[in-house]
Amino acid sequence: MAASGGSLARYTALRLLLIIPMVFILSTIVFLLLRVAPGDPVSATVGGRLSEAALDERRAALGLDRPLIVQYLEYLGDVATLNFGQTITDNRPIIDIVQEHGGATLTLAVAAFVVALVLGIPLGLIAGRHRDTPGDLGIRVFGIITYAAPVFYWGLLFQLFFAGYLGWFPVGGSASPVTIFEVPDVTHILLLDAIIAGNTEAITDVLMHLVLPALTLGLLLSGIFIRLVRVNVLQSLKGDYIEAARARGIRETQVMRSHAFRNALVPVITVIGLQIALLLSGAILTEATFNWPGIGNELVQYINNRDYAAVQGIITMFAVVVVVVSILIDIINAVIDPRVRY
Amino acid sequence: MNRRRGLLAAASAGVLIASLAACGGDGNGGDGGDGGEGGESGLGAPWILGTTDKVTTLDPAGAYDLGSWTLMYNMYQTLLTIPAGENEPQGDAAESCEYSDPQTFTCTLKDGLAFSNGNELTSSDVKFSLERNIAIADPNGASGLLASITAEDGGVDPDAIETPDDKTVTFNLNRPDTTFQFVLTTNASAIVDEDTFPEDALASNTEAVGSGPFSMDQYEDGQQAVLTANPEYDGPKAPQSERVFISYYQQPAQLKQAVENGDIDVAWRSLSPTDINDLQGSDSVDVLEGEGSEIRYWTWQLGTPVGEQKAVRQAAAELIDRQAIAENAYAGTVDPLYSLVPPGFPGQVDAFQEKYGETNVDEARKILEDAGVNTPVNLTMGYTPSHYGPNAVDEASEFARQLEDSDLFNVQIKSAEWTQYQDLYKEGAYDVFQLGWFPDFLDADNYLSPFLVDGGFYANNYSNENVNQLVQEEQATSDPEEREKVIEELQQTVAEDVPVIPSWVGKNVAVAGPGMSGVEETLDPAFIFRLWTVSKEG
């Protein structure tokens, strides 16, 4: 990062190399935390039904009776070879879980991001432009509430009101059972598969199921965007170039649109990258609330069952995604913003 | 309750040596169906079952949970089955089965059995299925139920299963075991296609082929299963609908909302007592109840200074008010339980009712005084909030209140998360702690032997040589009347020694939307959701 040297290629290589220690540290923490927590997959699933001897037999069959260091080294070896193994409690390859459920999580994440951007950016711009007006105050309060309130709280409220009381949307799931059955699974992304199949009824059904989860998760992120964009607009409005534009007699609307707003949006790109982690953690809660068949929903079940292999595998996958996206954002920033030294 | 008691008592006659007649086999018999054609015409509309149960796998060698077994009961055949409303095993794939002695059990298969892929089902498939289950011994599976045909080293005993011809299977048991016929009704014994299933590994869900009334059309893990009437099936379980969808939910609240909103047609397992009460007031759905077999009980840890005192245990048994627990903690959605064995099983007696009667503080005080126990007794009570539902805390609070109201006990309630709880109760952190049980099969033995032999699976340090002997006797006795007497004596001994205090037996509850029929028929203690009995108008 020295100001004096290096190239973009070197900077990129260094950032990519950083993935290794980051994933290593995270994997180690996950491994240790799971072992520190009381219980194991055997006691969580069949405890209370079998004798201690029978439980021990099952632990031995799963290799859970081996020294921790042996288990750890084996786990690290597997991660290094990108072999995430298979779950303990239902014998599923981790990669299958990611493949089968990743599409649902991706759909939710993208839809939530769209909601967050569509709500957050305009509201942030309005709030910044009309500082200290009742509108600004209202938007700020809205932003704080959506950010501060737990995602499952909004989810439950939406379910009760829009699904239960008004009956406008389904309570949960990614589509009706008939849609899931009839749409051929090509990409593991149901919406995309419905579009490929040209099944308009299925597309509508999937979108209707997507509205409430996307709104719930999107609201969480929109609060961040509102506050960020508002602050940036306020900063921009204090800039000399704004003063200069006004002095040149440019119309106020054009000053806002072409100078203030445009500059205020640049930092949003950076923040989008940083919000990936928040998006994924929010997705876990949203999926659990709406019975959304994504990876997060699976993760919750495996955590409850103390399925070490599944939890380690899924969290490592999440970590890799977050780290890779963060580094990509860093690289994009370095490319588009000359002030970033590499 | 009387109806079931009568049914089960009648069913118990000739339970051991008797031949087990098949329930039909012409495709026209079952459940009021219009034939076993399994075709498009004449069958009800597709319908959706919602549940919070989780499915581990579709391979019978890899699962020991109700979510998986529910699908398997509808996809696979077993040699024997429990018809709705009964608990005597009857033929499923078997035309007849009989014990020639308590260690030899022989079954003859029906004619014309076939898997949904068209492969013929023979005795070789039966042998393959059971031996592969034992050989795989999956940690999540139920191969332990096949102990009577397992070699001493835990592997396959090549002489345990004989198949002299395509239709005959003989089991040579390694000990007298009259419960083996019940094991053959469970999915530990589900028959799989030897040409499809791997011999020494679990099959993938797409390889799961059975010969039951339904075949699996689609399985999306954690999301839904789609079962279609199996055209190869020609037995008494003729499906009433061409297709059934099963939707999986994470939370009972989601399940409740889904059935209220009409997203699903039937909700089965598990709605909370509060949800059930709430839905009972709804005009849009019907709450249907059948007899259950799931029990809750309070276990004494005899390894603690308090728990080891028989007088303390007996005094608590005098004080517990089960009806109040059922009403106050579970809103009347469960029934009081006065024995480890729920009502309806041959040999069942309400032993605690007989010995202790209604709540009696004076008698409890007398028991403690006679034993020289100082009162109030400081008692540590344990429960877990993360395994037995949200009402576990209400039950613990209610039981503690009952004990403290007598002025004979000071109760300290403690709780722990499920996995930690299991270590704590074995280590003696609680004098008395709450547990539950869901039977593997419908026989009184399954409510006795796991609990009473040398501390049981929960290691509560209870050991009574006479009880151990009685358990062996009931497992080996071939005379039904004699066996019932032994089972009675076991329950009475439990009431005397009080290693546990039975609390309640649950009901089998489903919530059905408009136009559904046949749901109530399957709600019985077997907890098999027989999808083939259910149909939807339209």
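Throughout, read-outs are computed from the coordinates displayed, never taken from laboratory work. Computed from a predicted structure; not experimentally measured. Every residue, glycine as well, gets a Cβ built from its backbone with ideal geometry; the counts of neighbours run over all protein chains shown.
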In whole Hz, the Karplus estimates of ³J(HN,Hα) for segment B:277-285 (6.51, -1.76, 1.60; θ = phi - 60°; x where Gly or Pro) are 4, 5, 5, 5, x, 8, 7, 8, 9
Zone reached by a paramagnetic label modelled 7 Å from A:Val324 Cα along Cα→Cβ, restricted to segment A:58-96 with backbone N below 17 Å, covers A:79-85, A:94-96
Computed for chain B: size of charge dipole around the Cα centre, +1 on C-beta of each Lys and Arg, -1 on C-beta of each Asp and Glu, debye to nearest 20, value 1040 debye
Computed about the Cα centre, the charge dipole of the protein assembly as shown from +1 Lys/Arg and -1 Asp/Glu charges at the Cβ has a magnitude in debye, to the nearest 20, of 6560 debye
Residue-ordered couplings for segment A:166-174, obtained by feeding phi - 60° into the Karplus form 6.51 cos²θ - 1.76 cosθ + 1.60 and rounding to whole Hz (Gly and Pro as x), are 7, x, 6, 10, x, 5, x, x, 9
Per the rule of 0.36 nm per residue minus the C-alpha distance, extending B:Ala151 to B:Gln412 adds in nm 89.3 nm
Listed by chain and number, the aspartates and glutamates with an alpha carbon less than 16 angstrom from that of B:Lys355, same-chain partners under 8 positions apart left out, are B:Glu318, B:Asp321, B:Glu363, B:Glu488, B:Glu489, B:Glu496, B:Asp497
Net charge (Lys, Arg +1; Asp, Glu -1) of residues whose beta-carbon lies under 11 Å from that of B:Ser463, B:Ser463 excluded, is -3
Percent relative contact order for chain A, counting Cα pairs under 8 Å at least six residues apart, stands at 29 percent
If amide H atoms are modeled at 1.01 Å from N in the peptide plane, then the residues at a separation of 5 or more from B:Ser270, or on another chain, having amide H under 5 Å from its own are B:Thr52, B:Asp53
Quick calc, chain A, dipole around Cα centre from Cβ unit charges on Lys, Arg (+) and Asp, Glu (-), nearest 20 debye, gives 1800 debye
In whole Hz, the Karplus estimates of ³J(HN,Hα) for segment A:126-139 (6.51, -1.76, 1.60; θ = phi - 60°; x where Gly or Pro) are 4, 4, x, 5, 10, 4, 6, 8, x, x, 4, 4, x, 5
Using alpha-carbon coordinates alone, the radius of gyration and Dmax of segment A:1-145 in Å work out to 24.3, 71
For A:Val271 and A:Trp168, extending 7 Å from Cα along the Cα-Cβ vector and measuring point to point gives, in nm, a value of 2.7 nm
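Please report the relative contact order for chain B, taking Cα pairs under 8 Å with a sequence separation of at least 6, and give it as a percent rounded to a whole number. Show your work: numbers first, answer last.
Working: 1242 pairs, mean separation 111.2, N = 538.
Worked out over chain B, it gives 21 percent.
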Excluding residues fewer than 8 positions from B:Lys54 in its own chain, the lysines with Cα under 25 Å of it are B:Lys237, B:Lys256, B:Lys507, B:Lys536
With B:Asn360 itself left out, Lys, Arg at +1 and Asp, Glu at -1 over residues whose Cβ is under 10 Å from its Cβ give -2
From the Cα centre of segment A:265-342 to that of segment B:394-425, the distance in Å is 42 Å
With label points set 7 Å from each Cα along the Cα-to-Cβ direction at A:Asp132 and B:Phe438, the distance between them in nm comes to 6.3 nm
Percent relative contact order for segment B:353-489, counting Cα pairs under 8 Å at least six residues apart, stands at 19 percent
With Cα coordinates, the longest principal axis of chain A makes an angle with the long axis of helix A:295-304, in degrees rounded to 10, of 40 degrees
Per residue of A:289-295, other chain Cβ atoms within 10 Å number on average 4
For B:Asp217, the net charge from surrounding residues (Cβ-Cβ under 12 Å; K, R +1; D, E -1) works out to -2
Taking a crude spin-label model, label points 7 Å out from Cα along the C-beta direction, the A:Thr81 to A:Leu117 distance in nm is 4.1 nm
Within 10 Å of the Cβ of an average residue in B:214-224, the count of other chain Cβ atoms is 5
Rounded to the nearest 10, the angle in degrees between the Cα long axis of helix A:68-80 and the longest principal axis of the Cα atoms of chain A comes to 50 degrees
Amide H contacts under 5 Å for B:Asp217, restricted to residues at least 5 apart in sequence or on another chain and with H modeled in the peptide plane, are B:Val226, B:Leu227, B:Thr228
Inter-chain shielding metric for A:37-48, i.e. average beta-carbon neighbours from other chains within 10 angstrom, reads 6
Chain A, Gaussian network, Cα under 10 Å: of A:Leu228, A:Leu219, A:Leu16, the residue fluctuating most is A:Leu16
The answer for B:Ala114, listing residues at least 5 apart or on another chain whose modeled amide H is closer than 5 Å to its amide H, is B:Leu121
